[in-house]
Amino acid sequence: MRFTDMADELFGTAEGALPAGVRLATAKRGGVTVTRVEIAREGLSRPRGRYVTLEMPSVSVLDERDADVIETCAAELRALLPPEGPVLVLGVGSRRITADALGPRTVQKVLVTMGPQHALPVRGIRPVAAIAPGVSGSTGLTLCQLAGAMVEAVRPAALICVDSLCSTEGVRLGRSIQFSDTGLHPAQADHARHLDAGMLGVPVVAAGIPTLMEAEEGADLVVTPRALDSVIAHGSALLAAAINRALQPRLSVAQLCWLTG
């Protein structure tokens with residue numbers, strides 16, 4: 001079986017009953033199909049926790065102006081986060097590789113409300129910091145070391161990790177968003193990008209869009225959407241807008257778009 005980061009692909013298409021300890025529900029909200037998977041026990045193919053997948057038209061034709069989609073995504077993400085406290089948004093991946101640039105491109109559009117220019121807290125505005133730490137080949141440090149240092153410095157109530165995901169279904173590339181409260185757990189067990197609450201001491205919420213899948217010809221080849229540049233550009237804008245709206249519910253989508261340029 002090819003690797004997938006999408007929980008609903010592992011359990012949503014299974015024939016017969018779901019494994020013990022797994023619940024799955026699907027609902028339609030406007031033009032978005034929302035699938036929630038809840039894993040209540042260890043020992044399954046994904047860690048215990050909540051997973052939400054939102055399917056929509058290709059993100060290459062959506063952006064921060066699509067308020068209905070943003071509101072739906074923001075509501076699902078907000079439900080996975082602590083209700084208050086500072087949040088650190090981590091853009092995982094490499095800016096130099098298009099299929100892997102979703103995380104760094106997303107944090108560029110996150111509304112940052114911490115730092116010297118925000119010395120005095122504004123009532124109703126949640127403290128948010130954002131950073132794209134780069135990859136170990138460029139920094140000489142692992143993602144866990146970098147994330148741990150930043151968590152120690154910021155002391156957030158939660159960490160949001162944004163990363164590109166892998167799917168087994170080509171039709172879903174650039175057409176789905178997944179949120180989970182289990183942390184960052186790539187499908188490949190030996191992958192270096194593992195971050196969770198056990199490692200960092202704070203809740204870790206993962207957010208991403210599938211941008212690649214393994215080719216049938218072999219594990220050394222991958223398939224990406226034809227409109228990959230647009231998927232990354234528009235998908236990062238959409239994800240950032242959803243994160244901003246989830247973290248700053250007192251500001252409208254239009255206000256947040258104006259503040260982030």
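The values are calculated or read from the model by the stated rules, or taken from the named source; none is laboratory data. As the structure is a computational prediction, the values presented were derived from the model and not from experiment. Heads up, the Cβs are rebuilt from the backbone with ideal geometry, glycines too, and the neighbour counts pull from every protein chain shown. The protein model used for the area step is the full one, side chains on, heavy atoms only, and it has no ligands, DNA or RNA in it. Shrake-Rupley method; radii C 1.70, N 1.55, O 1.52, S 1.80 Å.
Some points to look at:
- HN-Hα J in Hz across the stretch 207-212 - Karplus 6.51, -1.76, 1.60, θ = phi - 60°, x for Gly and Pro: 9, x, 10, x, 10, 7
- Among the helices of the chain, those built from whole DSSP H runs whose Cα atoms reach 18 Å or more along their own axis and whose mean Kyte-Doolittle hydropathy is at least 1.0 are 228-247.
- Adding -39500 (n - 2.57) for every DSSP H run of four residues or longer, then dividing by how many residues the chain holds, sets the calculated 222 nm ellipticity at -7500 deg cm²/dmol.
- Taken one residue at a time, the phi angles of the stretch 36-51 give Karplus couplings (6.51, -1.76, 1.60, θ = phi - 60°) of 10, 10, 10, 10, 9, 9, 7, x, 9, 6, 10, x, 4, x, 10, 10 Hz. Gly and Pro are set to x.
- Long-range amide H partners of Ile160 with built H, under 5 Å: Leu88, Val89, Leu90, Val205
- Derived scalar couplings ³J(HN,Hα) [the stretch 98-108; Karplus, 6.51 cos²θ - 1.76 cosθ + 1.60; whole Hz; x for Gly, Pro]: 3, 5, 10, 8, 4, x, x, 5, 5, 5, 5
- Which of Met213, Met114, Met6, Met199 is most accessible, then next, and so on - probe 1.4 Å: Met199, Met114, Met213, Met6
- Prolate/oblate/rounded label for the stretch 145-261 (Cα gyration tensor, a/c 1.5): oblate
- Among Ile97, Tyr51, Pro210 the positive-end extreme of the charge dipole of the chain (Cβ point charges): Tyr51
- Cβ-Cβ distance of Ala254 and Ala27, R₀ of 25 Å, FRET efficiency by 1/(1 + (r/R0)^6): the value works out to about 0.40.
- Ranked by the mean number of other Cβ atoms within 10 Å per residue, highest first, peptides 157-163, 136-142 order as 157-163, 136-142.
- Cβ-placed point charges (K, R +1; D, E -1), dipole of the chain about Cα centre in debye, nearest 20: 860 debye
- Entry for Kirkwood radius over Cα pairs in Å (calculated from the structure that is shown) out of (i) 21.3; (ii) 18.4; (iii) 19.3: (ii)
- Taking only protein heavy atoms and a 1.4 Å probe, the accessible area of the stretch 146-248 is 51% carbon and sulfur.
- Cut-off under 5 Å, modelled amide H: who pairs with Asp5 long-range: Cys166, Ser167
- A 1.4 Å probe run over the protein chains yields, for the stretch 142-207, 37 Å² of accessible area per residue, whole-number rounding.
- Solvent-accessible ranking of Thr224, Thr4, largest area first, probe 1.4 Å: Thr224, Thr4
- Ranked by the mean number of other Cβ atoms within 10 Å per residue, highest first, peptides 84-97, 34-47 order as 84-97, 34-47.
- Close amide H pairs (under 5 Å, H built 1.01 Å from N) link Ala215 with Leu221, Val222, Val223, residues at least 5 positions away or on another chain.
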